[in-house]
1. For region 91-113, name all the residues that are exposed (fewer than 14 other Cβ atoms within 10 Å of the Cβ) and of a type in the set (Asp, Glu).
2. If you go through region 363-376 one residue at a time, do you hit one that is part of a helix (DSSP H, G or I), in the same structural domain as Ala330 (by TED's automatic domain parsing) and buried (at least 21 other Cβ atoms within 10 Å of the Cβ)?
3. Within region 347-362, can one find any residue that is in a helix (DSSP H, G or I), not polar (S, T, N, Q) and not assigned by TED's automatic domain parsing to the domain that holds Met248?
4. Return the pairs, sorted by first residue and then second, in which the second residue is surrounded by fewer than 21 Cβ atoms within 10 Å (Cβ to Cβ) and of a type in the set (Ser, Thr, Tyr), the first residue lies in region 380-395 and is assigned by TED's automatic domain parsing to the domain that holds Ala329, the beta carbons are less than 8 Å apart, and the residues are 6+ apart or on different chains.
5. If the requirement is being touching a residue at least 12 places away in the same chain (Cβ under 8 Å) and either in contact with a Gly (Cβ under 7 Å, 6 or more places away or on another chain) or hydroxyl-bearing (Ser, Thr, Tyr) (or both), which of these qualifies: Val102, Val72?
6. Scan region 546-562 and tell me whether some residue there is more than 30 Å from the chain's Cα centre (by Cα) and of a type in the set (Phe, Trp, Tyr).
7. Among the residues of region 66-94, write down those that are touching a Lys or Arg at 6+ places or on another chain (Cβ under 7 Å) and either among the aliphatic types (A, V, I, L, M) or part of a loop (DSSP other than H, G, I, E, B) (or both).
8. Among the helices (runs of 4 or more DSSP H) confined wholly to region 190-293, which include 1 or more residues that are outside the structural domain of Tyr524 (by TED's automatic domain parsing) and of a type outside the set (Lys, Arg)?
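The values are calculated or read from the model by the stated rules, or taken from the named source; none is laboratory data. Bear in mind the structure is a predicted one, so any value in this text is a computation, not a measurement. All Cβ positions, glycine included, derive from the backbone under ideal geometry; neighbour counts span all protein chains shown.
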Amino acid sequence: MMRSHYCGQLNERLDGQEITLCGWVHRRRDHGGVIFLDIRDREGLAQVVFDPDREETFAKADRVRSEYVVKVTGKVRLRPAGAVNPNMASGAIEVLGYELEVLNQAETPPFPLDEYSDVGEETRLRYRFIDLRRPEMAAKLKLRSRITSSIRRYLDENGFLDVETPILTRATPEGARDYLVPSRTHPGSFFALPQSPQLFKQLLMVAGFDRYYQIAKCFRDEDLRADRQPEFTQIDIETSFLDEADIMGLTEKMVRQLFKEVLDVEFGDFPHMTFEEAMRRYGSDKPDLRNPLELVDVEDLLKDVDFKVFAGPANDPKCRVTALRVPGAASMPRKQIDDYTKYVGIFGAKGLAYIKVNARAQGVEGLQSPIVKNIAEPNLNAILDRVGAQDGDIVFFGADKAKVVSDALGGLRIKLGHDLNLLTKEWAPLWVVDFPMFEENDDGSLSALHHPFTSPKCSAVELEAGPAGALSRAYDMVLNGTELGGGSIRIHDKGMQQAVFRVLGIGEEEQQEKFGFLLDALKYGAPPHGGLAFGLDRLVMLMTGAASIREVIAFPKTQSAADVMTQAPGVVDAKALRELHIRLREQPKAE
């Protein structure tokens with residue numbers, strides 16, 4: 001052992017003991033003939049003092065620079081009164097340095113390692129091995145490790161078996177594009193990296209393993225949005241002979257225990273909300289319940305107004321007309337309303353109608369709005385009554401296709417909540433249940449809302465008769481407007497699985513080719529089963545308060561799915577490509 005203690009573990013109890021530390025020089029200070037080195041390791045910092053009376057050691061301490069790797073032997077002593085540093089774990093003591101050995105020198109790092117350094121993300125990712133030395137980065141990864149330990153312990157104690165599933169597998173239609181891996185031994189054929197272990201975990205249930213879990217790497221080659229990574233980690237769970245209530249109870253308890261253990265936060269029972277109610281009241285299937293604002297539908301009060309912008313959508317069953325009341329925000333300047341109008345445009349909204357309620361007692365005169373002249377006074381009053389408008393409020397409106405209105409006003413609701421500091425609590429977990437089985441594509445065809453292996457709440461006959469209205473046995477756990485995890489009871493009956501494939505337009509031949517092994521498994525005694533998968537990166541991001549999932553992944557990719565540190569993806573030489581039976585197309589030369 002080179003070291004006797006970690007820096008951050010030193011405290012008053014070790015007063016007078018001789019100890020050995022190994023770590024990095026965090027900073028070096030020269031004070032009136034005495035040299036102070038702050039030594040850093042993964043557990044924290046310790047201050048080491050070098051006196052000139054030990055000449056050789058003092059001379060070495062004089063030569064070291066920040067980020068040198070050193071080994072220090074010395075004696076722990078209490079700091080003099082007034083010199084105690086409450087911001088340091090070892091702030092009540094210091095070490096009087098006897099010996100100093102430089103284990104390796106370091107060039108000046110490309111950015112300073114204090115929390116104040118304002119350095120671009122590209123540079124931090126390029127030198128990620130240095131960025132991770134920063135105490136606040138190390139703290140996030142240490143918390144991540146505590147989170148996975150807590151989850152593993154809970155699942156182990158509840159009879160779950162940790163089973164690994166393949167990374168080289170077969171392409172399946174799961175929503176995003178697959179990453180493909182060429183096969184050298186099967187010319188012209190490709191493996192895919194898994195978007196999730198979905199089919200394998202179902203097959204483990206058919207194999208009788210009863211309770212499975214895995215902390216699994218998943219891969220999606222999707223167009224990157226702000227906070228998606230091409231590879232991410234999921235806590236994957238599957239069980240047999242349990243229904244929705246059992247699985248939700250089990251995983252809710254896991255998350256409650258996790259928050260209690262790691263953050264000392266107590267959650268009560270999670271409320272349950274249907275998908276339909278979540279969309280109606282919050283415009284989102286992952287509502288942020290810390291935010292008190294709610295959407296209120298008003299199309300019935302606008303069906304016969306002369307104002308086409310409202311009357312059109314109010315009379316179209318595929319549209320919705322919705323109001324969002326913001327208490328006390330009537331003083332909002334015109335420029336801010338223009339900014340919000342631009343914001344809802346991102347979601348496809350053509351504009352943002354509003355009414356400022358200055359004095360309701362004065363009737364139409366007391367309202368300030370470009371739209372009130374187009375709506376009869378009784379209708380206006382009915383709308384204001386329904387949303388509970390009071391003097392000093394502003395009411396925004398959305399009128400368009402249902403999806404556009406939900407997205408735009410749901411998004412505006414979240415934005416207003418943050419801009420106006422309306423959040424009422426720190427944590428708001430819930431379950432969203434009763435999702436539709438399918439969503440309609442622009443061309444009228446249907447695709448699975450979760451995935452095609454989710455069990456519907458109805459019989460196969462009812463499903464094929466009215467697929468658009470069918471509900472699924474799916475459930476999502478949502479926290480603070482972020483989906484932590486989603487799952488469902490799966491289909492364990494071959495006939496039902498084929499009915500779902502038919503609704504999705506997957507014919508007999510394609511079923512056999514892509515899912516033959518699953519259909520086979522379902523006819524050899526598949527138990528009723530279901531499960532859930534949590535996004536670990538997002539969970540850690542929420543629990544650490546990080547701004548992005550890149551902050552809680554040791555070596556993340558950039559937004560363009562590249563790794564600037566290892567320069568991946570990279571070019572492969574011609575010989576390797578030939579062995580893989582791959583020829584690259586000529587890139588047209590730029591003129």
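1. Selection gives Glu99, Glu107.
2. Step one: filter region 363-376 for residues part of a helix (DSSP H, G or I), giving 363-366, 372-374.
If we keep only those that are in the same structural domain as Ala330 (by TED's automatic domain parsing) too, we end up with 363-366, 372-374.
Next cut, buried (at least 21 other Cβ atoms within 10 Å of the Cβ) only: none.
No.
3. yes
4. Gly392/Ser331
5. Values: Val102 fails: either in contact with a Gly (Cβ under 7 Å, 6 or more places away or on another chain) or hydroxyl-bearing (Ser, Thr, Tyr) (or both).
So the residue among Val102, Val72 that is touching a residue at least 12 places away in the same chain (Cβ under 8 Å) and either in contact with a Gly (Cβ under 7 Å, 6 or more places away or on another chain) or hydroxyl-bearing (Ser, Thr, Tyr) (or both) is Val72.
6. Of region 546-562, the ones more than 30 Å from the chain's Cα centre (by Cα) are none.
For region 546-562, residues more than 30 Å from the chain's Cα centre (by Cα) and of a type in the set (Phe, Trp, Tyr): absent.
7. Applying the first criterion (touching a Lys or Arg at 6+ places or on another chain (Cβ under 7 Å)) to region 66-94 yields 66, 92-94.
Across region 66-94, the qualifying residues are Ser66, Ala92, Ile93.
8. On the way: elements: 198-206, 244-263, 275-282.
Answer list for region 190-293: 275-282.
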